[in-house]
Amino acid sequence: MEKSLNIEGEEEEEEEKEKLGTFEDPSQSLPVKSNLKGDWLNFFLLILLYTIQGLPLGLAIALPIIFQSKKMVTYKEQAFFSLVAWPYSVKILWAPIIDSLYIQWIGRRKSWLISVQYLMGAFLYYTATNIDEWLPESEIPNLKKLVFTFGVISFLAATQDIVVDGWALTMLKKNNVGHASTCNGTGVALGVLIGTIFPVLLTSADFCNKYLRTTDSREGIITIKGFLYFWSITIILITTLSGIFKREKDNRLEEGHVKINVLQSYQLLWKIFKLPNVRVLAIALLTMKIGFSATDSVSNLKLIDAGISKDDIMIITISMYIVKMIVPLIVSKYTSSTKPMSAYMKLMPIRLLWSIPYVVLIYYTPILIKSNGVVNVPTYYYLILVFICIVHEILAFTMYLFTLGFFSRICDKRFGGTYMTMLSTIASFGWVLSNTLALRMIDVLSFSKCSNNDSNNCSTIQLKNTCKLNNGDCISIVNGYYIEVVVCMIIGFVWYFSYKKTIKNLQTKSASNWQLDLS
């Protein structure tokens, strides 16, 4: 009788494990079903904080488009400016400090959030004061100062990311933690949208005269300086209100709370990295974006080179970020599920193959939009371009959200800031490195010559200007973009077939396989 009861108990336990999904130990698993009742205010606060984080990312996207439209920088110089995004890729270096040093009565996360966002507001104000000098209307921009300035702002935004990622794991209820990726995706997308639409479109006299005015003017509705001034003050105001009205839970009351110092925090980071599953995941995260790098980082710039205006590119980019704000809400049930990476791997081949429509469209763009040397973009061209962009962005952003959802589920909540930051940093470093190399290699793989001077290879802005002054045109012999897309696609498929089983197996591991044993 006792034996039959044991058997029945084991069967019930197995059924419970199946209900919980991939995690083997129910006591260590997150509940599958989420319910935001009582968590809505936290949900929207996280979206607001992530929006502030997305603003510098939007500026980092907007400025290269402005540079390219002025035709005063090379792809090598564009690669140099892409360094402003690197703080997101090395933030793990100071994440343990954020996790271990704080003022207890203010709060573990609020201590850093308030100081970092005040600094971000102050530095944006400083940048606004000097932006007209560093980014003149008709002269070569001061790239060194712009890279330094926006690099510091990105450093502050990356630090804020560490804080908010860690706070999200405890601010939301345990069964709602999967929605942290929804807050991240929606908020960052909104911030990027604001950081791109205003500096590019609303500062453009052509765009404002065409769509927003009845009487033409030589200037846009706003200036970049005014935009930066506004957001510097807004961020300071939001930070003040958050500091006064939002209380943080006492971290000492958290389940399994462990107090560690800075040295122990770095040792902890090393212990996390030494976990066998984490090392396997790290290698995958570093290499999984190579297949998309050429399409993601170069395509819009090539469209501008082909004759599409920066205003048109920006309008399309804006529509994509509206899509990005909606997508997290649609796929939230998948990002908060137990198998987000299975969905990621299903989408990967589709996204790799979607590079082909981009290549074909860019190749035929000059033929489709120019008549007797005059640019006249037909409506059907915009419809094709928007369709290609929407599918691409939905695929890319959905896959990004799946990785965030996976990170949220496997992180040891006791050290959430350090753990989440390490995983997101590794993923970000793989993305940034791939994109920087993709931009840098375009000039290396491309070969041109001046139509009336074979010794002029048009490899720099000065050589291109010299060719123009002599009534010549720079003719492309080999376009490195097409070569690069093919190479990246091949690498992407090799990665897919090499890691397909590995990635799916990682999400079947129990929570104990991702947690640290400090005994």
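Things to note:
- Among the residues listed as 192, 188, the single one being open to solvent by 10 Å² or more (accessible area, probe 1.4 Å) and closer than 30 Å to residue 421 by Cα: 188
- Among residues of the range 121-152, those that are assigned to a helix (DSSP H, G or I) and farther than 13 Å from residue 235 by Cα, counted: 19
- Residue 477 meets each of the listed conditions (1) closer than 30 Å to residue 448 by Cα; (2) touching a helix residue (DSSP H, G or I) at 6+ places or on another chain (Cβ under 8 Å); (3) open to solvent by 20 Å² or more (accessible area, probe 1.4 Å) apart from (2).
- Residue count for the range 130-151, restricted to those that are among the β-branched types (Val, Ile, Thr), surrounded by 15 or more Cβ atoms within 10 Å (Cβ to Cβ) and either farther than 17 Å from residue 87 by Cβ or in contact (Cβ under 8 Å) with a residue 60 or more places away in the chain (or both): 2
- Selection of the range 426-463 for residues being of a type outside the set (Gly, Ala, Ser) and open to solvent by 70 Å² or more (accessible area, probe 1.4 Å) yields 431, 437, 440, 441, 444, 447, 449, 452, 454, 457, 462.
- Residue selected from the range 81-120 under the condition open to solvent by 30 Å² or more (accessible area, probe 1.4 Å) and part of a loop (DSSP other than H, G, I, E, B), by the criterion farthest from residue 423 (Cα to Cα): 105
- Of all the listed residues (508, 466), the sole one being among the β-branched types (Val, Ile, Thr), open to solvent by 50 Å² or more (accessible area, probe 1.4 Å) and in contact with a strand residue (DSSP E or B) (Cβ under 9 Å, 6 or more places away or on another chain) is 466.
- Scanning the range 23-68 for residues that are assigned to a helix (DSSP H, G or I) and at pLDDT below 75, we see that the one that is surrounded by the fewest Cβ atoms within 10 Å (Cβ to Cβ) is 27.
The values are calculated or read from the model by the stated rules, or taken from the named source; none is laboratory data. If you're wondering where the values come from, they're calculated on a predicted model, not measured in any experiment. Glycine also receives a Cβ, built like all others from the backbone with ideal geometry; neighbour counts cover every protein chain displayed. Surface areas here come from the heavy atoms of the whole protein model, side chains and all, with no ligands, DNA or RNA. Shrake-Rupley method; radii C 1.70, N 1.55, O 1.52, S 1.80 Å.
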